Each structure stands twice: as structure tokens, then as C-alpha cells.
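Asker: Below is the structure I would like to discuss, written out as C-alpha cells.
The values are calculated or read from the model by the stated rules, or taken from the named source; none is laboratory data. The structure displayed is predicted, hence computed values, not measured ones. No Cβ is skipped: glycine too gets one built from the backbone with ideal geometry, and neighbour counts run over all protein chains shown.
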Amino acid sequence: MAQSSSAHRSGAPIPIPDKLSVQIRINGVETTLNIAPWTTLLDALRDHLDLTGTKKGCDHGQCGACTVLVDGRRINSCLVLAVMKDGASITTIEGLAMKDRLHPLQQAFIDHDAFQCGYCTPGQICSAAGLIAEGKAKSVDEIRELMSGNICRCGAYPNIVAAIQQAMGQMDGKP
Ligand code: FES
Ligand code: FES
């Protein structure tokens, strides 16, 4: 059986603050949030920063619609609390384009018609940026395997893989 904490043993209630201050860098902008400690990173982005490009699909780590880059690595933002990422640098779909030039993955998704409803697309693109930075996927099968956490209910998978292949050839391992 798990040990209870000393606070529990003493019978004293554990104080939980209503709000905590979190400092994060979002798409290159230093940002301070005062949020409830149980706020997920996904809800912080969507509800507190109006960055609604990041989508909520399942809200429990099974669809990949909420994928963002944290310090360059792809994560499901529904599975982490914002307070756990205090001090981190976060890139969302809104931060990928370079001024008026689309990110190579965004352009490739257009070129290959790699979406239908588009709901999964921000997560697919952020995940693909992380995948390319990881440098592990060399073949179509490896792209499919390493993108398997991103579900597309419209079944646009062949076009998504083709788009990633195109961008991979242009990005040289950069996110
Ligand atoms: Fe996060 Fe589905 S909304 S994985
Ligand atoms: Fe509709 Fe992927 S384009 S879920």
C-alpha cells in the first residue's frame, strides 16, 4: 500500500492555492500566466491565451490533436499541467510560420492536399516538425510508425505522409 504523506498523517489539510504564476515563452513571446494549478497546458493555450489552433480531441492522450512543441520536443498538451512547464519554450501551430512565409510543413500540407476537415492538422504539423527534428524517420514506414500518435478521422494518411516527405527534404532536421 502506498505511504501517505506526513501532512496526511498529521491530519492537517494540504493547502492548494487557487492560482499559480507560470512563466512560459509562447511562440517567442515571454508570457506570464496566473492560472489554477490543475490547468492543462492545452487549456492554458486555448482558454487563457486564445491560441485555439491547438485542438482538443480526446483530452486524454489518444488522438494527438493537441500536439505542440515544448523546448523543441513534441508532446500532447492535454497530458501535462501548465505549471509543469514553467520556464519552457513552447511553439504552437500559430508560431511555425515565418512572418508572411508558411513553414515548409504548412506549405507541404497544402501542396499534397493533406487534410479534409482540418481538425487534426495543427497537431499533425507540430508532430511532424518534432519528428523531423528527431531525425529518426528515414522511410515511409518509419514516418507512419512515428506519426502513429496522430489520428486523422478523415483518413488523409497517404497525403500526410507525402507532405512530411516533401518537407523533410527541405528542412534538413530543423523544426
Ligand atoms: Fe490530447 Fe487527444 S486532445 S491527445
Ligand atoms: Fe479531418 Fe484529419 S483532416 S481529422
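Asker: With respect to the numbered conditions (1) of a type in the set (Val, Ile, Thr); (2) more than 26 Å from Ser89 (Cβ to Cβ); (3) part of a helix (DSSP H, G or I), which one is the sole condition not fulfilled by Ile132?
Answerer: Answer for Ile132: the failing condition is (2).
Asker: Oh, and also: Do any residues in segment 60-83 that are within 19 Å of Val22 (Cβ to Cβ) and in contact (Cβ under 8 Å) with a residue 60 or more places away in the chain have Cβ atoms under 9 Å from those of residues that are of a type outside the set (Asp, Glu) and near ligand 1 (Cβ under 6 Å from one of its atoms), where the two are at least six apart or on different chains, and which pairs are they?
Answerer: Asn76/Gly61; Asn76/Gln62; Asn76/Cys63; Asn76/Gly64; Asn76/Ala65; Asn76/Cys66
Asker: On to the next question. When you go through Pro37, Pro104 one by one, which is the residue that is surrounded by 13 or more Cβ atoms within 10 Å (Cβ to Cβ), modelled with pLDDT of 95 or more, out of contact with any strand residue (DSSP E or B) (no Cβ under 9 Å at 6 or more places or on another chain) and on the phi < 0 side of the Ramachandran plot?
Answerer: Going through Pro37, Pro104 in turn, just one is surrounded by 13 or more Cβ atoms within 10 Å (Cβ to Cβ), modelled with pLDDT of 95 or more, out of contact with any strand residue (DSSP E or B) (no Cβ under 9 Å at 6 or more places or on another chain) and on the phi < 0 side of the Ramachandran plot: Pro104.
Asker: Given (1) exposed (fewer than 13 other Cβ atoms within 10 Å of the Cβ); (2) more than 26 Å from Arg25 (Cα to Cα), where does Gln165 come up short, assuming only one miss?
Answerer: All conditions are met except number (1).
Asker: Answer with yes or no whether Asn150 is buried (at least 22 other Cβ atoms within 10 Å of the Cβ), of a type outside the set (A, V, I, L, M, F, W, C) and more than 30 Å from Lys19 (Cβ to Cβ).
Answerer: Values: buried (at least 22 other Cβ atoms within 10 Å of the Cβ): yes; of a type outside the set (A, V, I, L, M, F, W, C): yes; more than 30 Å from Lys19 (Cβ to Cβ): yes.
Spelling it out, Asn150 is indeed buried (at least 22 other Cβ atoms within 10 Å of the Cβ), of a type outside the set (A, V, I, L, M, F, W, C) and more than 30 Å from Lys19 (Cβ to Cβ).
Asker: So is Ile164 among the β-branched types (Val, Ile, Thr), touching a Leu at 6+ places or on another chain (Cβ under 8 Å) and either within 13 Å of ligand 2 (Cβ to nearest atom) or not in a helix (DSSP H, G or I) (or both) or not?
Answerer: Details: among the β-branched types (Val, Ile, Thr): yes; touching a Leu at 6+ places or on another chain (Cβ under 8 Å): yes; either within 13 Å of ligand 2 (Cβ to nearest atom) or not in a helix (DSSP H, G or I) (or both): no.
No: the conditions fail for Ile164.
Asker: Next question, about the same structure. Somewhere in segment 87-97, is a residue surrounded by fewer than 22 Cβ atoms within 10 Å (Cβ to Cβ), part of a helix (DSSP H, G or I) and away from ligand 1 (no atom under 12 Å from the Cβ)?
Answerer: yes
Asker: Scanning segment 37-58 for residues that are assigned to a helix (DSSP H, G or I) and over 27 Å from Tyr157 (Cβ atoms), which turns out farthest from ligand 1 (Cβ to nearest atom)? Even if it seems obvious, please write down each step before you answer.
Answerer: Filtering segment 37-58 down to residues assigned to a helix (DSSP H, G or I) leaves 41-48.
After this cut, where a residue has to be over 27 Å from Tyr157 (Cβ atoms) as well, the list is 43-44, 47-48.
Details: Asp43: 11, Ala44: 13, Asp47: 14, His48: 17 Å.
Applying the filter and picking the extreme gives His48.
Asker: OK, next. Tell me which residues, restricted to segment 59-86, are near ligand 1 (Cβ under 6 Å from one of its atoms) and either under 17 Å from Ile24 (Cα atoms) or assigned to a helix (DSSP H, G or I) (or both).
Answerer: Our first condition is that a residue be near ligand 1 (Cβ under 6 Å from one of its atoms); within segment 59-86, this holds for 59, 61-66, 76, 78.
Asn76, Cys78 - these are the residues of segment 59-86 that are near ligand 1 (Cβ under 6 Å from one of its atoms) and either under 17 Å from Ile24 (Cα atoms) or assigned to a helix (DSSP H, G or I) (or both).
Asker: Considering only segment 1-34, how many residues are touching a helix residue (DSSP H, G or I) at 6+ places or on another chain (Cβ under 7 Å) and modelled with pLDDT under 95?
Answerer: Within segment 1-34, residues that are touching a helix residue (DSSP H, G or I) at 6+ places or on another chain (Cβ under 7 Å) and modelled with pLDDT under 95 number 1.
Asker: Of the conditions (1) away from ligand 2 (no atom under 15 Å from the Cβ); (2) at pLDDT 95 or above, Gly123 satisfies every one except a single condition; which number is it?
Answerer: Result: Gly123 passes all but (1).
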